[in-house]
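Have a look at the structure below, then the notes.
We did not get these values from a lab; they are worked out from the coordinates using the rules stated. The model shown is predicted, which means the values in this text are computed figures rather than measured ones. Positions of Cβ are backbone-derived with ideal geometry, glycine not excepted, and every protein chain shown enters the neighbour counts.
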Amino acid sequence: MTYKNPSLRLVIIFFLLFPLLSGCWDSQEIEQRATVLAIGIDKASNKEEAQQSLGGITHFDKSNSSEPEEELIKVTAQIAVPGRIPLGPTQGQSSHNSVLIVQVVGHTIQDAMLNLQQQVAYETFLGHLRIIVLNEKIAKKGTQRFNDFLRRNPQIRRTASLAISKEPAEDYMRLVPELQRIPSLYLADMVDNLSALGRFPPSFIGLFWTILSSKGQDPYLPYLTIKDKKSIQLSGLAYFRGDRMAGKTSPLEIGFYMAIRGVGRGGYSAFIKVPGTDEFVLVKAISRKTKVKVKLKDGKPHVDIKVRYESEIEEKTSQSIYINDSTIVGKIQDETSKEVEKSLKKLIVKTQKAESDIFGFGEHVRATYPKYWTKEIGTKENWKRVYKDITYDVHVDTRIHRVGMKAK
Amino acid sequence: MENHREITTVQAATILISTIIGVGVLPLPLFAVRGGGSGAPLVTLAGIILAAIGLFILTILGTRYPQKTIITYGEDIVGKWIGKMCSMIVIFFFFILSALAAREFGEVVVSAVLRETPLEVTVFVMLLIACLSVRYNINTFAYIHNFYVPAILGPVLIIVAFSLKNANPLYLRPLIENDFYYMAKGMLTISALFQGSFIVTMIIPFMKNPKKAIKASFWGIFISGGVYLLIVIATIAVFGTEEIKQIFWPTLELARTTALPGNILQRLDVIFLAVWVTAVFTTLFSSYYFTIYSIKQMAKLKDHRMLSFFMMPFVFFLAMLPQNILQLYDVIQIAGRAGLLITILYPAMLLAMDLFRSRRRRKKSDVQES
């Protein structure tokens, strides 16, 4: 009867749908959000530690040792100021106020983020976090304690970047680059584009974790420095022993590293002495092809690396030499191969000393000789010990295909 | 029993596909890796084959009794009372399965997407949608599944394809890593993810051509199994086995790591979650549908509409029982493996008895003739 009445039905439906208008639990206005764009992590100084013990908010009581034993860290966060981030190209605006910089101290990242929340009125949001800068000193003490929070939190992107800095990470957060209006985006773009330009192997936080977890490889990260207090420079590759940073390479060695890893896109150039003269030419690697083979020699792994370069002569330093026939190009090719071979070996020796297998030879061993691996190695620690004195062969083959538009 | 035979072979296959692909996609690589290390694809393949065997047994039974479902022919084969008992166990199992699927869905949503929304609300809403949809007849059921299959398969394949950019083939070797014991356990867990395929027994009586049910089953398990295998291979190639052990839902993480070229979308988990919600819905829909229709058939009810609402609070209550996600996954794995007894062994037993009896019957008639 009343059930069949259509208008009554409508009224009931209307009232049933009414509560839905309030939206969901998770709705949050964008300007009510403190969007963290970048984080820099440093070791806390003594003064800041004292501050923390006064204003600590995550431990119950100082006296009954409810404090974690980890060293305190100082987290500097760059927070986007809502409405100040310009969308289109506007002219003549300084970027100074588009971000807010907040500094907090904590035992872990989350501890610091909670402290940060005490200072910021809006809820912090990490979904747009593009880059995390770790100071060298902190990285040398181990990164594992940061990974837990970053893995657990669903807001963090796996494609965010992680970089190591020579200077305090705080400086990177305060740096104002001229090329981009939002400082942290410039920093993030810098790290992202480096691999697109062939200046650095692919590197993002998810990859860092993947490599860190795998038993036969150690992770690597870009190593940044600040030049003239103004611009950021990629000045090497930080290699790790387990989760601790073990050392850094020179920028050119990044290229050699990419060669051994078999990253196809070349980008680095090097001066090669033309045989028989004192002059140099600049040879650029266009692309590489790498074959890594692992064999068991007398029950010990032996690595065979074959790299083939496709190169190009970019410049010569003097008018006195001519690059006009294929014999001289052939000589340059051989010289390049020799030089590169030497450098590759040097790089491997360097990482062997640090017990840091950034090349992933261990993964090759695990994949090709599973029986040997489970019997003799099995763990990451053991592999490091074996890696320290594995033998290897390096063959480099360079082909120079192009010399540019100049005939001489 | 009057049957409108309207379901085509393609529809039957799509019902199977969208029923099988469900909540299980998310932890699938984790289960596989726990079982077989870098041999996970092999474990997955073994799981798929085991599930396929179960499905074929059920389909053959169905084609032998094209008018009936396992609830009704079960009574014919083993006798009324034992049959009823077994049917009750089957129904109860699918009842639990519906509850677990709803809870797992809620758990993922709460910890990955809508963190402020109460778990009860997400689970309740999902159950309510399933409940409302179950009220319609089997044709609507077929149409809903048919409609969603492309929307489920497409994005999953896209994610897998683009994720291979970060792949490292070394992670997939060696092919056999773990002990046989762990591999067998992993195989059972994975094959339990295919239990939704039991719905085929409900479809056969409504198929236009029940003889073609075998074909539908084959394509159903082939496509869904293929998708599962692809997902396992892709996640392992991208993350490696050690990293997978560290994350609950490697498939979701895969979508989060994958970007469309040209930065159109920097992370694909948005698309993936949208797809996944539909996939969960279709799975839940099927298992709840099975529960309700089986009760209807067993109790010989005329109408199932009220029953659908009547059962919902019980499913909801059951879904809320596990304390946390760790306990939930323990329950899911144990229930899944135990469920294989119901979804594979029980039909196998029925088929064996049926074959045996029909042979005896034939022999008897032979004797009488001669």
Residue by residue through segment A:317-323, the couplings from Karplus 6.51 cos²θ - 1.76 cosθ + 1.60 with θ = phi - 60°, in Hz, x for Gly and Pro, are 8, 9, 6, 6, 10, 10, 10
Projected onto the charge dipole of segment A:259-358 (+1 at Lys/Arg Cβ, -1 at Asp/Glu Cβ, origin at the Cα centre), which of A:TYR309, A:LEU347, A:SER326 gives the Cα projection farthest towards the positive end?
A:LEU347
What is the mean number of Cβ atoms from other protein chains located within 10 Å of the Cβ atom of each residue in peptide B:107-116, rounded to a whole number?
2
Average Cα contact separation per residue, chain B, under 8 Å, 6 or more apart, as relative contact order %:
39 percent
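Give the Rg/Rh ratio for segment A:252-402, taking Rg as the radius of gyration of the Cα atoms and Rh as the Kirkwood radius, to two decimals. Show your work: numbers first, answer last.
Details: Rg = 17.9 Å, Rh = 16.7 Å.
Across segment A:252-402, the Cα-based Rg/Rh ratio is 1.07.
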With only Lys, Arg, Asp and Glu charged, each at its Cβ (+1 for the first two, -1 for the last two), find how big the charge dipole of segment A:252-402 is about the Cα centre; round to the nearest 20 debye.
780 debye
Cut-off under 19 Å on the C-alpha distance; same-chain residues fewer than 8 positions from A:LYS43 excluded. Which aspartates and glutamates are left, in chain and number order?
A:GLU67, A:GLU69, A:GLU70, A:GLU71, A:ASP111, A:GLU136, A:ASP148, A:GLU167, A:GLU170, A:ASP171, A:ASP243
Name the long-range amide H neighbours of A:SER235: under 5 Å, sequence gap of 5 or more, or other chain; modelled H, no Pro or chain starts.
A:TYR223, A:LEU224, A:THR225
Descending packing, highest mean Cβ count within 10 Å first, for A:303-312, B:264-273, A:117-126, B:15-24 is B:15-24, A:303-312, B:264-273, A:117-126
For Cα pairs less than 8 Å apart in space and 6+ apart in sequence, what is the mean separation divided by the residue count of chain A, i.e. the relative contact order in percent?
13 percent
What does the average come to when, for each residue of peptide A:363-372, you count the partner chain Cβ atoms lying within 10 Å of its Cβ?
4
Under 13 Å Cα to Cα from A:LYS342, which aspartates and glutamates show up? Leave out anything in the same chain fewer than 8 places away.
A:GLU253, A:ASP334, A:ASP393, A:ASP397
Could you give log10 I(q)/I(0) at q = 0.14 Å⁻¹ for segment A:330-408, computed by the Debye formula over C-alpha point scatterers of equal weight, without solvent?
-0.61
Qualifying chymotrypsin sites (Phe, Trp or Tyr not before Pro) in segment A:318-408, DSSP loop, other Cβ atoms within 10 Å at most 13:
A:TYR322
Along the positive direction of the dipole of the protein assembly as shown (beta-carbon charges: Lys, Arg +1; Asp, Glu -1; about the Cα centre), which of A:GLY267, A:SER45, A:ALA160 reaches farthest?
A:GLY267
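Would you tell me the mean number of C-beta atoms belonging to other protein chains that fall within 10 Å of each C-beta in B:162-173, as a whole number?
3
What are the GluC sites (Glu not before Pro) within segment B:1-109 that DSSP puts in a loop, where the Cβ has at most 12 other Cβ atoms within 10 Å? Could the numbers behind the result be given before it?
Working: sites: B:GLU2, B:GLU6, B:GLU75, B:GLU104, B:GLU107; in loops: B:GLU2, B:GLU6.
Sparse-neighbourhood loop GluC sites (Glu not before Pro): B:GLU2.
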Any residue on another chain or 5+ positions along whose placed amide H is under 5 Å from the amide H of A:PHE359 is listed here as A:ASP218
Just name one of B:SER217, B:PRO150, B:PHE95: the one whose Cα is farthest towards the positive end of the charge dipole of segment B:9-369 (beta-carbon charges, Lys/Arg +1, Asp/Glu -1).
B:SER217
What whole-number volume per residue, in cubic angstrom, does the convex hull of the C-alpha atoms of chain A give?
278 Å³
For segment B:9-369, the dipole about the Cα centre with charges only on Cβ (Lys and Arg +1, Asp and Glu -1), to the nearest 20 debye, works out at 1540 debye
What whole number of Å gives the distance from the Cα centroid of segment B:205-252 to the Cα centroid of segment A:201-265?
36 Å
Once phi is turned into ³J(HN,Hα) by the Karplus curve 6.51 cos²θ - 1.76 cosθ + 1.60 with θ = phi - 60°, what whole-Hz value does each residue of segment B:333-350 show in order, with x for glycine and proline?
5, 5, 4, x, 5, 5, x, 4, 4, 7, 7, 10, 5, 4, x, 4, 5, 4
When ranked by the protection proxy of mean other Cβ atoms within 10 Å per residue, highest first, what sequence do the peptides B:29-36, A:142-149, B:141-148 form?
B:29-36, B:141-148, A:142-149
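Of A:LYS293/A:LYS353; A:LYS293/A:LYS331; B:LYS84/B:LYS211; A:LYS384/B:LYS245; A:LYS229/A:LYS384; A:LYS137/A:LYS293, which ones are farther than 31 Å apart at the Cα? Walk me through the numbers on the way to the answer.
Values: A:LYS293/A:LYS353 22 Å; A:LYS293/A:LYS331 28 Å; B:LYS84/B:LYS211 27 Å; A:LYS384/B:LYS245 22 Å; A:LYS229/A:LYS384 38 Å; A:LYS137/A:LYS293 36 Å.
Among A:LYS293/A:LYS353; A:LYS293/A:LYS331; B:LYS84/B:LYS211; A:LYS384/B:LYS245; A:LYS229/A:LYS384; A:LYS137/A:LYS293, the Cα-Cα distance tops 31 Å for A:LYS229/A:LYS384; A:LYS137/A:LYS293.
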Run a plain Debye calculation on chain B (Cα atoms as equal point scatterers, no solvent) and give log10 I(q)/I(0) at q = 0.07, 0.09, 0.11, 0.12 Å⁻¹, rounded to two decimals, same order as the q list.
-0.30, -0.50, -0.74, -0.87
In Hz, Karplus ³J(HN,Hα) per residue of segment B:179-190 (6.51, -1.76, 1.60; θ = phi - 60°; x = Gly, Pro)
5, 5, 4, 5, 5, 5, 5, x, 4, 5, 4, 6
Any idea what the dipole of the protein assembly as shown comes to, in debye rounded to 20, about its Cα centre with Lys/Arg Cβ at +1 and Asp/Glu Cβ at -1?
2420 debye
List every residue whose amide H lies under 5 Å from the amide H of A:THR35, counting only residues 5 or more places away in sequence or on a different chain, with H placed 1.01 Å from N in the peptide plane.
A:ALA80, A:PHE125
Extent along principal axes [Cα atoms of segment A:162-272; Å; largest to smallest]:
40, 36, 21
Name the shape class, rounded, prolate or oblate, that the alpha-carbon gyration tensor gives for the protein assembly as shown, where a ≥ b ≥ c are the square roots of its eigenvalues, rounded holds for a/c under 1.5, and otherwise prolate holds if a/b is larger than b/c and oblate otherwise.
prolate
Can you tell me the equivalent ellipsoid semi-axes for segment B:248-288? Use √(5λ) from the Cα gyration tensor, largest first, whole Å.
25, 11, 5
Ratio to report: Rg/Rh of segment A:93-229, with Cα atoms as the point set and Rh obtained by the Kirkwood method; give two decimals.
0.95
